[in-house]
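K.L.:
If you scroll down you'll find the structure; I have some questions about it.
The values are calculated or read from the model by the stated rules, or taken from the named source; none is laboratory data. Just so it is clear, the structure is predicted and the values come from calculations on it, not from any experiment. Cβ: placed from backbone, ideal geometry, glycine included. Neighbour counts: every protein chain shown. These area figures cover heavy atoms from the full protein model, side chains too; ligands, DNA and RNA do not enter into them. Shrake-Rupley method; radii C 1.70, N 1.55, O 1.52, S 1.80 Å.
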Amino acid sequence: SATALGWSTHFVTLTVPHGIGDDLDLLLEALSGSLKRLSTGKYSIKRQLSERFPGSVLHGYIRASEVTHGLDNGWHPHFHILVFTSPDLAPQDLWSVYSPAWQRACRLSGLPEPSDLHGCTVQDGTKAAVYASKWGLEDEMTKGHIKKGKAGGETPHDLLRAVLADKNDKQAMALFAEFAKAFKGKRQLSWSNGLKARFGLADKNDEELAAELED
């Protein structure tokens, strides 16, 4: 575990302003560009942390993508990230780098600039542990699309449940189809390079995963 390795774990949430998600495909493309800017180049999170906090180390991250839909604001993707660092970095230290970097990345990708208050939050490892341990990491980090949405927003499976309850709900049917098309083939859970090896984990093939489904 990260604790056994002497790492600190931070729970980072990145969002974009509501009301911009008319076309989910285009929105996901822009967000993909924003995320790449956080991990590459002169303004990457890793490089900025090392410059701002000499001696600190960013060991890696696990990122999960979620999306909800609101009748007034359209699609609203957001990201939950478990970030593993050396123990000298506090959540506020990480926020001081992540928040402006996320604002810059979104702006350069043609997205509205997230606010200081809502665009980025960083919580300590306590929140991260609760988030990742309730069902196990893969289950908890990837079940955002199926859980119930908060007031004013529906997850994709809220939309599917609406269709199952009323076959004439054409709007819910169209929105779920748009979600399925946009996310087909995309990873919902992403690990930074080399992190699985540091944890002693290995990817499983389809046969191994199928065998586990017998439980």
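K.L.:
Give the calculated FRET efficiency between residue 90 and residue 29 to the nearest 0.05, with a Förster radius of 30 Å applied to their Cβ-Cβ distance.
P.N.:
According to the calculation, E is roughly 0.30.
K.L.:
For residue 181 and residue 78, what is the calculated FRET efficiency with R₀ set at 35 Å and r taken between the beta-carbons, to the nearest 0.05? All intermediate terms of the calculation are to be shown ahead of the outcome.
P.N.:
On the way: r = 20 Å, r/R0 = 0.57.
Computed FRET efficiency for residue 181 and residue 78: 0.95.
K.L.:
Then there is this: Using the Cα centre of the stretch 1-63 as the reference point, and only Cβ charges (+1 on K/R, -1 on D/E), how large is the resulting charge dipole? Debye, rounded to the nearest 20. Could the numbers behind the result be given before it?
P.N.:
Details: 7 positive and 5 negative charges, 97 e Å.
Dipole about the Cα centre, nearest 20: 460 debye.
K.L.:
Would you grab the residues whose amide H sits under 5 Å from the one on residue 154? Only those 5+ places off in sequence or on another chain, please, with H modelled 1.01 Å from N.
P.N.:
69, 70
K.L.:
If you don't mind, there's one more thing I want to ask. Express the carbon and sulfur contribution to the solvent-accessible surface of the stretch 1-98 as a percent, rounded to the nearest whole number, probe 1.4 angstrom.
P.N.:
Details: 2230 of 4330 Å².
The computed percentage sits at 52.
K.L.:
With 32 Å as the limit, write out which pairs from 46/186; 36/127; 127/170; 36/181; 36/167 have Cα-Cα distances beyond it, or answer none.
P.N.:
The pairs that break the limit, which is 32 Å between Cα atoms, are 127/170; 36/167.
K.L.:
How large is the accessible surface per residue of the stretch 1-81, computed with a 1.4 Å probe and reported in Å² as a whole number?
P.N.:
In whole numbers, the stretch 1-81 has 46 Å² accessible per residue.
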